[in-house]
Amino acid sequence: MPEPDRRPQRRLPCLVQSFRRLCAEGRLEQAVGSLPLLARRGIRLDAQALALLLQQCLRSRAVGLARRVNLHLKLTGFKNALPSKTFLANQVLNLHFERRRPADAQDLFDRMLKRNVFTYNVMLAGFAKLGMVRSALQIFERMRDGDRDVVSWNTMIATLARGGSCREAVEFYARMRRSSGIFLNHYSFSGLLAACVRLEQTDLVQQTHGQVIVIGYLSNLIISSSIVNAYAKCGRISDAGKMFSEMPARDVLTWTTLVSGYAKCGDLVSARRLFDEMPERNNFSWTAMIRGYARNGLSHEALHLFAGMLKEGVSPDQFSISSALCACANISFLNLGRQIHALLTRTLSNPNAVVIGSLLDMYCKCGCLEESQRIFDHTTYRKRDTVP
């Protein structure tokens, strides 16, 4: 009797080992590309391996590859087993939200036999990303107290603050403080401070500042920057400046926040001093200073700084161009206004309503009513032409 051919059995582990090696080396394209071969050979990967591959694809923002993994799950019968495979199901939930398919995520969530804190946090983060505040709230309230971790609370507070439910965000923060076993981190204060700013409640900002000091997080750059931002946006620029001066380290965002705060309060001297002291500047830094000058009637200074920004090779955005056009309008500087219009045409294919309004205002104040009417008619026609 002939010896049975055992070569397929010897080769199967090699294919699996090759697949695992590709995953370990981060060669996701090749790993996903090997799935059809594995399926044709009748090799069924375990749920853990597929979940890890799907997780890697999503973390790498390779949604196309993640979709191919999801197709493999369907073709190999894993879809029916998903409700009982929590780790794998969590990754599929993530994919549904990346594809902006919350209904599919909700359907899978409802069918899952066992959920863990990561399951709930994926749902919370997914709904939050899509701005579905009430859906996120419903998921949160379905969680048992013991299932909620600091990520769950932080996500919910930030979601409520971004969605405009700022008083609810503050209430959730208070609930989190009362919950046992929850240890706050630096993200816990970001959502709270955002809510304080929108509520314009400086006393809450001060209370939060005090809590940060007590807990010992003041040295954290993210938190200290958020406090500076909150004080500045609430009009407490002196407190923002004091906090800024006490920071052991500062990033460009913190510098820009304070520059913008001083400019909005009309203290252009302090704003310019800080601007000149900045170790590095980005587009937002230049725009904050240019807008500050333009808003406070210092049109020549605004235009001089706008020219300096271009000389430095910084690309202007819609806000800086709008501010420069406003400055031209204030002093009827038609020649420069036309040059900025030409720059706008070259750099921005689809200017927003603010820029168009500034352009119309500039031509009107410079006495070019026909040009203003032509731009208005062209803009109106283009908008009408693009309506579905």
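Trypsin sites (Lys or Arg not before Pro), restricted to region 57-96: which are DSSP loop and have at most 14 other Cβ atoms within 10 Å?
Counting only loop positions with at most 14 other Cβ atoms within 10 Å, the trypsin sites (Lys or Arg not before Pro) in region 57-96 are R61.
What is region 134-278 by shape, rounded, prolate or oblate, if you read a ≥ b ≥ c off the alpha carbon gyration tensor as root eigenvalues and call it rounded for a/c under 1.5, prolate for a/b larger than b/c, and oblate otherwise?
Cα axes put region 134-278 in the prolate bin.
FRET efficiency for A307 and L221, Cβ-Cβ distance as r, R0 = 35 Å, nearest 0.05?
Once rounded, the FRET efficiency stands at 0.60.
By average Cβ neighbour count within 10 Å, what is the ranking of 89-96, 108-115, 231-238 from highest down?
89-96, 231-238, 108-115
Report the far tail of the P(r) of the chain, meaning the percent of Cα-Cα pairs longer than 41 Å.
For the chain, the share of Cα pairs beyond 41 Å comes to 38 percent.
Helix-only estimate, please: 222 nm mean residue ellipticity of the chain, summing -39500 (n - 2.57) across DSSP H runs of length 4 or more and dividing by its residues, to the nearest 500.
It lands at -23000 deg cm²/dmol.
Rounded if a/c is under 1.5, else prolate if a/b beats b/c, else oblate: with a ≥ b ≥ c from the C-alpha gyration tensor eigenvalues square-rooted, which is region 16-120?
The shape class here is prolate.
Suppose R0 equals 22 Å. What FRET efficiency, 1/(1 + (r/R0)^6) with r the Cβ-Cβ distance, do E141 and R198 give to the nearest 0.05?
Efficiency computed from Cβ-Cβ geometry: 0.45.
Peptides 366-376, 26-36: what's the order by average Cβ count within 10 Å, highest mean first?
Ranking, from highest mean packing down: 26-36, 366-376.
Just grab the label-to-label distance for M278 and E171, each label 7 Å out from Cα along the Cβ direction, in nm (one decimal).
4.0 nm
Going by how many other beta carbons lie within 10 Å of each one, how would you line up V212, V269, V133, V314, fewest first?
Exposure proxy ranking, most exposed first: V269, V314, V133, V212.
Using a Gaussian network for the chain with springs between C-alpha atoms less than 10 Å apart, which of these wobbles most: C14, C196, C364?
C14
Taking a ≥ b ≥ c as the square roots of the eigenvalues of the Cα gyration tensor of region 281-388, is the shape rounded (a/c under 1.5), prolate (a/b larger than b/c) or oblate?
Judged from the Cα gyration tensor, region 281-388 comes out oblate (a/c at least 1.5, b/c at or above a/b).
Once you've got the GNM for the chain with C-alpha springs shorter than 10 Å, pick whichever of S226, S152, S315 has the biggest mean-square fluctuation.
Top of the fluctuation ranking is S315.
Given a Förster distance of 41 Å, report the FRET efficiency between N350 and K79 from their Cβ-Cβ distance, rounded to the nearest 0.05.
Efficiency, rounded to the nearest 0.05: 0.50.
Taking the simple approach of a point 7 Å from Cα along Cα-to-Cβ for both R67 and A24, what is their distance in nm?
Distance between label points: 3.2 nm.
Compute a Gaussian network model of the chain, connecting alpha carbons closer than 10 Å, and tell me which residue from Y363, Y262, Y120 fluctuates the most.
In this elastic network of the chain, the residue with the biggest mean-square fluctuation among Y363, Y262, Y120 is Y363.
Using a cut-off of 11 Å between beta-carbons, work out the net charge of the residues near T287 (Lys and Arg +1, Asp and Glu -1, T287 not included).
Summing Lys and Arg as +1 and Asp and Glu as -1 gives +1.
Would you mind checking the tilt of helix 299-311 against the longest principal axis of the Cα atoms of the chain, expressed as 0 to 90 degrees and rounded to 10?
40 degrees
Each value in this text was obtained by applying a stated rule to the coordinates, not by laboratory testing. Just so it is clear, the model here is predicted, and its values are computed rather than measured. Positions of Cβ are backbone-derived with ideal geometry, glycine not excepted, and every protein chain shown enters the neighbour counts.
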